[in-house]
Amino acid sequence: MGEQQEPPRIHAGEVSVFAGFLGVKRLGNHAYYYILPDKLKEVREGLASVEHLLQQRREDQL
């Protein structure tokens, strides 16, 4: 029987780069990840919206 190949592994940093949250600078065999400030602001705003909705739901359940 043929050898089974392992499925490709996706590093969390690579997923974040693909999603546009992180930038990456590669130097030789090393990858240095950094947060993109504009995207961080968007994430914060999105999480604040979710937090607000959850708070409203809690208040409605009282």
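The values are calculated or read from the model by the stated rules, or taken from the named source; none is laboratory data. Since the model is a prediction, treat every value here as computed from it, not as a measurement. Virtual Cβ from ideal backbone geometry, glycine too; neighbours counted across all protein chains shown.
For the stretch 26-36, a residue qualifies if it is exposed (fewer than 10 other Cβ atoms within 10 Å of the Cβ) and either touching a helix residue (DSSP H, G or I) at 6+ places or on another chain (Cβ under 9 Å) or over 16 Å from Ser16 (Cα atoms) (or both), and the qualifying residues are Leu27, Gly28, Asn29, His30. Here the stretch 37-62 is the region considered, the condition is being assigned to a helix (DSSP H, G or I) and among the aliphatic types (A, V, I, L, M), and the residue that is nearest to Gly23 (Cα to Cα) is Leu40.
The residue that is modelled with the highest pLDDT, among those in the stretch 1-28 that are outside any loop (DSSP other than H, G, I, E, B) and of a type in the set (A, V, I, L, M), is Leu27.
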